Structures are given as structure tokens and as C-alpha cells.
Amino acid sequence: MNERTERTMNSTPEGGRQDIHDVVVIGGGAAGLSGALTLGRARRSVLVVDAGHPRNAPADGVHAYLGHEGTPPGELLARGRAEVRSYGGAFMTGSATGAERNGDAFRVTLADGDELCARRLLVTTGLVDELPEVPGLAGLWGTDVLHCPYCHGWEVRDRAIGVLGTGPLAVHQALLWRQWSADITLFLHTMDEPDDRQYEELAARGVRVVTGEVTSLETRDGRLAGLRLASGHLIPRQALAVAPMLTPRAGLLSSLGLEPTDLELAGSVIGGRIAADPTGATEVPGVWVAGNVANPTDQVVAAAASGVRAAAAINADLIAEETRRAVDARRAPFSAQLEREVCEAVLGERRHGL
């Protein structure tokens, strides 16, 4: 440990300090903090390792999270960290680069060479949005360039919205965003041309279709003004919906043999995920995942719920292990006594020539 770590530890129910954490949580977003909070309330020693680069940092607020509607992402995380600390949780700023089993525990390696030890791991590292390579697009990500209508649709309702076609799901996207505005334009860009049925659906819903590749996004006073086509035409738009590739931040799990699997929607690969059961348990005993690294399409509220669910499963797993050890310890004196009695009986038989 060093000064980056808050040296606060939970006391065990029997009192005393622990050198090995019950759980190291890797990732300090909604899933990780919810898991850490649940484990802290279960009187577990928890350390949260977080690099401090939340995916939703550019967004103005968190939405569809009951009781937290519109809360700025940074404020939500600050509240969560304070709540975790109130139950004895500790934090470390850093990036985990790998993990390996070390006897009955795990050794986690950080980018700066530091190492941590934990009985269980909860990985909540989230994902990276790989954006289409269109000049000007990345700079507007999270403000005027959006991906989820349930996260941002209300904020851009009734505006002139474009949908950038990069794959077969673009028609579905356009029809979905039509719920929030009557002024929707689908830019075919690099996608295949829609079939007759799709054209009919788009026309029936009043969605305009523009052919040609988009070469740049134009801005005015820092906001989206329109999309420039290869033909030179500028189509005015106030917001743009895109479908990024959802790539999990899962490199640290490779050393444990866990690799992402493709995530498909309507037959199209939209990203990857670490496979796990409904509680977040992976194929590696003792390792759980929660949040977008396991379910890339989850919103903040669902990610938080998955962290709670994984934490409860981890605590139950630790209890089962501790119970087995307690039973073994309880049996040990009886086993030793039985062994002594057998030895004494054998020696007695030998002394009497039996």
C-alpha cells in the first residue's frame, strides 16, 4: 500500500485487522460502488481500485434512476464513495492490469507495479465506446452525439435529430428515436441500403433518408450545427445518434483465462461481454463481474443493481468457505483425540502380546 490508498479497514465480527481484503472491487462506477457498499454493510473488508475515468463523465446527468433523476454523474459517484467509506470501505486510485490465483486468494497487479491480495474479486471495469471515425464526432460525444434514447431522448425531444448509419441496426435506431422527435433523418453513411420493407417503415413514420457518406460534423458555438456529406451538402441537425462498438475493459481478466465473448443484437455484433451467471459469477471460482463489463446495454440503475446482486453472492460464497473451515477446526480436536486413543489401544495390545 502507499499514500494513494485510504488505510481504512473493516473490523471482522470478532474484531481485529485484516491484511488480506475479503474483496477487491476493480472499478468504481455505479456497479462497483453498489457492490462495495453491500459488502461493507455485510462487515467485509473491501478495497475499491478505480482509475477515475467514468464512461458517463461527459453526460449532464444520470437518467431513469429512481430517486437520482438528473443527478450529475460525478455527484452520484461522490455520494456513493462517501457511503462506502461510512461502512469502512477503502479506495485506491490506479489501474489493475492483471490478476492471478495465489493459494486460496488472488494477487492483483496494478499498472505502477503495486500488488493487492484478496479472497474474492469483483470486476466492474465497464466498457469503452468505440465511436465511428467521423471528424468532429468524438468532441461532441455525450452532449450532442448520443447513443441511448432512454438516457438522452427526453433532453433532445422535438429537435432535429440525425441517425448515423454504420450497420444493420440503424433502421431500428431511426424508428426508435422517432418516439422522441418527428424530425428524424437517417444518414446511410457506410451501412447497406435498406430493403423495400424497411424503406416503407421509414416512410410510414416520416423518417427522412439521406444517401452518401458523412465526412464531418459541423459545429456552431460549440454545438452541433449539421452533418457535411461527401457531396459537400450540409444537412442541419441539432443532435446525432450513433451506435458505438461496446468493448469491455477486460484486459486484466486475460491472465485468469477470461476473454470477452461477442454480444449480438438482431444478428449483428454490437460489442463484447464477459460471460457470467445471473449473479455475476464467472467460470473462474472466486471472480465475479457486474455492470457494463458483463452487460454492456445496462443503464446506470441496472448496473448498480447487478453490483448489489454480485456482492450478495460473494458474501454467501465467503460464508460457505468460512463455515467449512469452522467445521474442520471443530472436528480437529476430536480427530486428534481419536488418533491418540487408537495409538494407545494398539500399544496396549502389543504390551499384552495380543
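The values are calculated or read from the model by the stated rules, or taken from the named source; none is laboratory data. Note that the structure is predicted; figures quoted are calculated from it, not measured. Every residue, glycine among them, receives a Cβ derived from its backbone with ideal geometry; neighbour counts consider all protein chains shown. Remember, those area values only see protein heavy atoms, side chains included, never the ligands or the DNA or RNA. Shrake-Rupley method; radii C 1.70, N 1.55, O 1.52, S 1.80 Å.
Numerical summary
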| quantity | calculated |
| --- | --- |
| Matching residues, the stretch 259-304, being open to solvent by less than 20 Å² (accessible area, probe 1.4 Å) and in a helix (DSSP H, G or I) | Gly291, Val293, Ala303, Ala304 |
| Filter pass, Thr97 being touching an Asp or Glu at 6+ places or on another chain (Cβ under 9 Å) and among the polar types (S, T, N, Q) | no |
| Subset of the stretch 244-258 that is open to solvent by less than 30 Å² (accessible area, probe 1.4 Å) and under 30 Å from Leu186 (Cα atoms) - its residue that is nearest to the chain's Cα centre (by Cα) | Pro248 |
| Residues within the stretch 232-243 that are open to solvent by 10 Å² or more (accessible area, probe 1.4 Å), outside any strand (DSSP E or B) and either farther than 15 Å from Leu140 by Cα or out of contact with any helix residue (DSSP H, G or I) (no Cβ under 8 Å at 6 or more places or on another chain) (or both), tallied | 3 |
| Some residue of the stretch 277-285 being on the phi < 0 side of the Ramachandran plot, without any contact (Cβ under 8 Å) to a residue 12 or more places away in the chain and more than 11 Å from the chain's Cα centre (by Cα) | yes |
| Residue in the stretch 184-206 that is in contact with a strand residue (DSSP E or B) (Cβ under 7 Å, 6 or more places away or on another chain) and closer than 28 Å to Pro73 by Cβ present | yes |
| Test for Val207: is it touching a Phe, Trp or Tyr at 6+ places or on another chain (Cβ under 7 Å) and more than 28 Å from Val62 (Cα to Cα) | no |
| Index of the failed condition, Val171 passing every other in (1) out of contact with any Gly (no Cβ under 6 Å at 6 or more places or on another chain); (2) open to solvent by 10 Å² or more (accessible area, probe 1.4 Å) | (2) |
| Selection from the stretch 112-128 of residues that are of a type outside the set (A, V, I, L, M, F, W, C) and either surrounded by fewer than 18 Cβ atoms within 10 Å (Cβ to Cβ) or farther than 28 Å from Asp262 by Cα (or both) | Asp112, Gly113, Asp114, Glu115, Arg119 |
| Selection status of Glu155, more than 30 Å from Gly232 (Cβ to Cβ), open to solvent by 10 Å² or more (accessible area, probe 1.4 Å), not in a strand (DSSP E or B) and not β-branched (Val, Ile, Thr) | yes |
| Single residue of the stretch 192-217 satisfying the filter (assigned to a strand (DSSP E or B) and touching a Leu at 6+ places or on another chain (Cβ under 6 Å)) that is most open to solvent (accessible area, probe 1.4 Å) | Val209 |
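Residue-by-condition table, conditions (1) of a type in the set (D, E, K, R); (2) part of a strand (DSSP E or B); (3) within 18 Å of Ser255 (Cβ to Cβ):
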{"site": "Val108", "(1), (2), (3)": "no, yes, yes"}
{"site": "Gly113", "(1), (2), (3)": "no, no, yes"}
{"site": "Leu116", "(1), (2), (3)": "no, yes, yes"}
{"site": "Leu122", "(1), (2), (3)": "no, yes, yes"}
{"site": "Thr125", "(1), (2), (3)": "no, no, yes"}
{"site": "Asp129", "(1), (2), (3)": "yes, yes, no"}
